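Novice: Have a look at this one before I ask anything.
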Amino acid sequence: MNKSSFEQNGGSYRVVGDYKIPNITLPAEANKPLGVWGLKRKDYLMHHKRVQFNIMLMSGTLWAHLAEVDEQATDMFSRLVEQMKFNEGITEQLKADDQMEWVARMNNIEARVREVVNHELIFNI
């Protein structure tokens, strides 16, 4: 009986009923828990870049990519919030004097920074 090219290259099959199913396993990846940014990136890839998602999944690079994006986005978010707080003069003194104004301005900054991070890292590339 002729061997398939899969078998010639070291692959094997298992028989399930009348079918031969290749014994294929995905490479082990470090499944580090993902944060909000990594999960958003995964969702974006799954729904809008399906081919890229599948290629990364099958090659074993998906989780490393998601962890890297999550780390970069978290750092970028923190850095931009601090820079915008400084540039707009939002201080602990404002927080002590007028808490509602401080909360409103911080929410505004965080919303703008989320848009920047989403645009630059999550929904890009």
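Novice: Only Cα pairs under 8 Å and at least 6 apart count here; give the relative contact order of the range 17-82 as a rounded whole percent.
Specialist: In percent, rounded to a whole number, it is 43.
Novice: Take every Cα pair under 8 Å in the chain that's 6+ residues apart, average their separations, divide by the length, and report that relative contact order as a whole percent.
Specialist: Details: 83 pairs, mean separation 28.0, N = 125.
Once divided by the residue count of the chain, the mean separation gives 22 percent.
Novice: Top mean-square fluctuation among 60, 89, 38, Gaussian network model of the chain, C-alpha springs under 10 Å?
Specialist: With Cα springs under 10 Å in the chain, the top fluctuation among 60, 89, 38 is at 89.
Novice: How far apart, in nm, are two points set 7 Å out from the Cα along the Cα-to-Cβ line at residue 124 and at residue 107?
Specialist: Placing both labels 7 Å beyond Cα along the Cβ direction yields 2.8 nm.
Novice: Taking residue 49 as the anchor, which lysines have their alpha carbon closer than 28 Å to its alpha carbon, excluding any fewer than eight residues away along the same chain?
Specialist: 32, 40
Novice: Also, I was wondering about something else. Of all GluC sites (Glu not before Pro) in the range 79-113, which ones are in loop regions per DSSP and have a Cβ with at most 14 other Cβ atoms within 10 Å? Walk me through the numbers before you get to the answer.
Specialist: Working: sites: 82, 88, 92, 101, 110; in loops: 88.
Listed in order of number, the matching sites are 88.
Novice: Would you compute, from DSSP H runs of 4+ residues alone, the mean residue ellipticity of the chain at 222 nm, taking -39500 (n - 2.57) per run and dividing by the full residue count, rounded to the nearest 500?
Specialist: -20000 deg cm²/dmol
Novice: Compute a Gaussian network model of the chain, connecting alpha carbons closer than 10 Å, and tell me which residue from 98, 43, 70 fluctuates the most.
Specialist: 98
Novice: Right, something else. Between the range 89-122 and the range 1-23, what is the C-alpha centre distance in whole Å?
Specialist: One Cα centre to the other: 59 Å.
Novice: What nm value, rounded to one decimal, do you get for the distance between residue 39 and residue 68 when each label is placed 7 Å out toward the C-beta?
Specialist: Going by the 7 Å Cα→Cβ label model, 2.3 nm.
Novice: Using a Gaussian network model of the chain whose springs link C-alpha atoms within less than 10 Å, name the residue from 34, 62, 94 with the highest mean-square fluctuation.
Specialist: Looking only at 34, 62, 94, the biggest GNM fluctuation is shown by 94.
Novice: Give the Debye-formula value of log10 I(q)/I(0) at each listed q (0.11, 0.15, 0.16 Å⁻¹), with one equal scatterer per alpha carbon of the chain, two decimals each.
Specialist: The Debye formula, applied to the Cα set alone, gives -0.59, -0.83, -0.88.
Novice: At 0.36 nm per residue, and after removing the present C-alpha to C-alpha distance, how many nm does the segment from residue 6 to residue 61 gain when stretched out fully? It would help to have the intermediate numbers written out before the result.
Specialist: Working: separation 55, 0.36 × 55 = 19.80 nm, distance 2.30 nm.
Separation in residues times 0.36 nm, less the Cα-Cα distance, equals 17.5 nm.
Each reported figure results from applying straightforward, stated rules to the coordinates on display, with no laboratory input. As the structure is a prediction and not an experimental result, all values here were calculated from the model. Virtual Cβ from ideal backbone geometry, glycine too; neighbours counted across all protein chains shown.
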